[in-house]
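For reference, the structure is listed below as structure tokens.
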Amino acid sequence: MSRYLQMVDGPMHVKKLTLEQLQQLAEELRQELINGLAKNGGHLGPNLGVVELTLALHFVFNTPKDKFVWDVSHQTYVHKLLTGRKSRFQTIRTTGGLSGFAMRSESEHDCYGAAHAGTALSAALGICAARDQRGGDENVVAIFGDAALTNGISFEAMNNIAQTTRRFIGILNDNEWSIAKNVGAISGYLNKLITHPSYNKLARDFERFVRRLPKGKLALKLARKAEEGFKGAITEVGLEPNPSTIEADGRGGYGSSLIFEEMGLRYLGPIDGHNLPLLISTLEFAKACDHPIVIHILTKKGKGFEAALQNPEKFHGLGPYDVATGATLPAKAGTPPNWQDVFGQAMVKLCQKDNSVVGITAAMPSGTSLKILEKAMPNRYYDVGIAEEHAVLFACGMATMGFHPVCAIYSTFLQRAYDCIVHDAALQDLPVIFCMDRAGLSPQDGPTHHGLFDIAYVRSVPNCIAMSPKDEDELVDMMFTATHERHPVFIRYPRGPAEGVPVKDQPRLIEIGKAEIIQNFSNHGGRKVALFALGNMMRLGGKAAAQLTADGYDVALINPRFVKPLDAGVTEFFGRAAEVVATLEDHVLMGGYGSAVLELFSEKRITTPVVQMGWPDQFIEHGTNVDDLRKKYGLTVENLVSKLKAELPAAAVPVERRRELAVA
Ligand SMILES: Cc1ncc(C[n+]2csc(CCOP(=O)(O)OP(=O)(O)O)c2C)c(N)n1
């Protein structure tokens with residue numbers, strides 16, 4: 001490990017370094033990020049962009065007393081390296097290793113956990129309010145990206161800051177990128193703010209002013225609060241109203257910082273977010289400010305690594321890569337296409353055939369592969385920014401006009417739009433199609449990203465149809481079927497490679513509420529087991545069926561397809577015919593598919609024992625891969641087979657039971 005990084009075990013050590021040493025440390029941190037993430041991947045680009053900012057924050061403030069609230073918090077790797085976690089850094093996002101996000105249980109320096117965007121301003125304001133209630137003097141800093149400003153909650157918080165507290169520090173880390181290029185009017189507004197000549201001048205004046213102070217010693221001087229006069233000078237340069245900017249477009253809108261100032265927030269910037277002394281002095285000023293303040297800093301995603309600078313979208317978050325070139329490993333030959341790519345290609349075909357279909361993403365064109373539609377048919381594609389509620393309401397509006405909008409949203413992010421699902425899509429019974437990506441585990445991301453609750457949250461809402469395909473061909477059939485429906489339809493499918501089955505040229509309609517019997521009982525006299533394997537659990541179900549069959553059991557294997565409406569006929573038939581039933585789902589057990597089966601059994605007075613396989617009632621941590629986590633929680637073929645065998649110890653049916661069955 002490099003020289004200064006080796007010496008830094010906590011923020012107190014950062015404060016002891018000179019400016020030159022800090023600058024050296026910044027380089028070392030960059031190398032640690034680039035080398036340390038190469039094996040397992042991670043959010044390299046965003047973290048390379050905040051090296052100086054994080055150093056400056058720890059130089060000026062004092063965590064854990066002072067509070068840093070990071071939006072999304074995928075950019076906290078440097079913070080982790082500086083707060084006692086560097087020896088475990090290379091375990092990040094792996095089984096038993098550090099989380100890829102801020103997590104309260106991981107460190108006292110992580111005062112607030114996150115991974116969904118747009119939460120930082122509100123949470124930080126809550127912390128400020130609590131501090132004020134208690135009469136404390138902690139500094140609270142919310143660090144949020146430019147894409148967080150495409151999210152409504154950020155504005156709900158900003159609307160509320162000035163009336164709640166006098167001491168709030170916001171840092172807008174503007175790199176012009178969300179995961180993809182940032183979208184929308186706010187992004188355009190920030191761009192004008194950056195490029196407006198008078199603001200550039202302000203930034204230059206400000207820099208020149210800082211540079212005039214004795215080199216190197218500046219940071220230390222400021223840290224010791226010896227420069228009260230200097231702070232005043234910054235106020236003069238940075239915060240004096242500038243009439244030319246207010247007049248920029250004749251309305252006081254573009255080109256001015258009015259949007260922040262009208263919210264009662266002092267605005268300072270834009271400043272170069274890689275200029276360490278400038279950052280330190282600005283943060284020192286903010287610390288002394290008796291008024292809520294937003295500092296607008298400009299950073300480069302991927303700074304210090306050419307490949308990442310060239311391709312910010314890919315390097316936002318990626319798997320293992322080559323340190324020399326940034327090249328990522330190609331998929332192994334024969335790997336099936338990702339579910340996402342099948343979805344994206346199917347969207348193009350559906351849109352070509354049906355004018356009522358459009359695709360909507362909430363800032364995830366690459367993650368969902370909706371970018372395939374964007375490329376092929378840009379006028380049928382909408383990226384609304386990190387705004388899931390808006391995405392759903394927007395889709396509802398289009399649906400009232402006869403469209404079949406397809407919202408491609410990760411299961412975990414759709415949670416945010418639950419009210420819109422209930423109050424808008426379902427209550428008005430609108431034909432919005434929800435393609436719930438990442439249903440199941442998002443292993444390296446962990447509990448914030450696993451999509452394990454969607455069946456439970458959709459199943460209880462009237463008018464909704466919910467399904468899950470066993471393979472990619474069925475996914476396309478389900479999408480096609482959904483475009484013929486008049487109700488909200490939810491299709492859940494996981495992350496990563498699909499099953500590798502060919503996708504038909506012409507999709508076919510699936511009868512709503514109809515399960516598929518993959519393998520019926522053969523009535524060979526073996527004890528009867530019925531396996532209901534939902535969606536991607538079919539692979540596990542198929543293996544268990546093969547093993548049990550080989551061991552002499554008579555096994556039926558059913559693809560339920562629908563969670564709602566459940567195929568009551570098929571479920572009841574196999575429920576009665578089998579001696580034990582198993583339900584398999586990549587979802588929490590509580591409220592999930594197995595619960596739906598049990599509800600039906602209870603209603604029909606079916607007493608056949610049910611072995612439920614799914615995720616327990618707890619948040620599932622992150623892990624290196626799906627297999628690690630499935631093993632830990634018993635979602636394995638071996639475990640299923642042994643549970644079923646425990647219910648039905650002998651493969652052959654005892655004579656009395658055989659007689660009973662014959663009579664029945
Ligand atoms: C509610 C929600 N929707 C989508 C995402 C996926 N996501 C993760 S990071 C990110 C972009 C964040 O951009 P920004 O806040 O500007 O930070 P940067 O990575 O550019 O530093 C998105 C869309 C998310 N985390 N949360």
Per the helix-only model, the chain has a calculated mean residue ellipticity at 222 nm (DSSP H runs of ≥4, -39500 (n - 2.57) each, divided over all residues, rounded to the nearest 500) of -11500 deg cm²/dmol
Given 521-532, 324-335, the highest-first ranking by average Cβ count within 10 Å works out to 521-532, 324-335
Sequence order, segment 129-139: Karplus ³J(HN,Hα) from phi using 6.51 cos²θ - 1.76 cosθ + 1.60, θ = phi - 60°, Hz rounded, Gly and Pro as x, gives 4, 5, 4, 5, 4, 8, x, x, 10, 4, 8
Given 615-626, 455-466, 58-69, the highest-first ranking by average Cβ count within 10 Å works out to 58-69, 455-466, 615-626
In the chain the DSSP beta bridges are antiparallel at a rate, in percent to nearest 5, of 15
Answer in debye to the nearest 20: the dipole magnitude of the chain about its Cα centre, from +1 Lys/Arg and -1 Asp/Glu charges placed on Cβ, is 1240
Mean Cβ-within-10 Å packing, highest first, puts peptides 384-391, 499-506, 162-169 in the order 384-391, 162-169, 499-506
Taking Cα atoms only, helix 197-212 is inclined relative to the longest principal axis of the chain by an angle, in degrees rounded to 10, of 60
To the nearest 10 degrees, the tilt of helix 152-164 (Cα long axis) against the first principal axis of the alpha carbons of the chain is 50
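Read-outs: derived from the displayed coordinates by stated rules, not from any lab. Predicted model, so just to flag it, every value in this text is computed and none were measured. Counting neighbours? That spans all protein chains shown, and the Cβs are built from the backbone with ideal geometry, glycine included.
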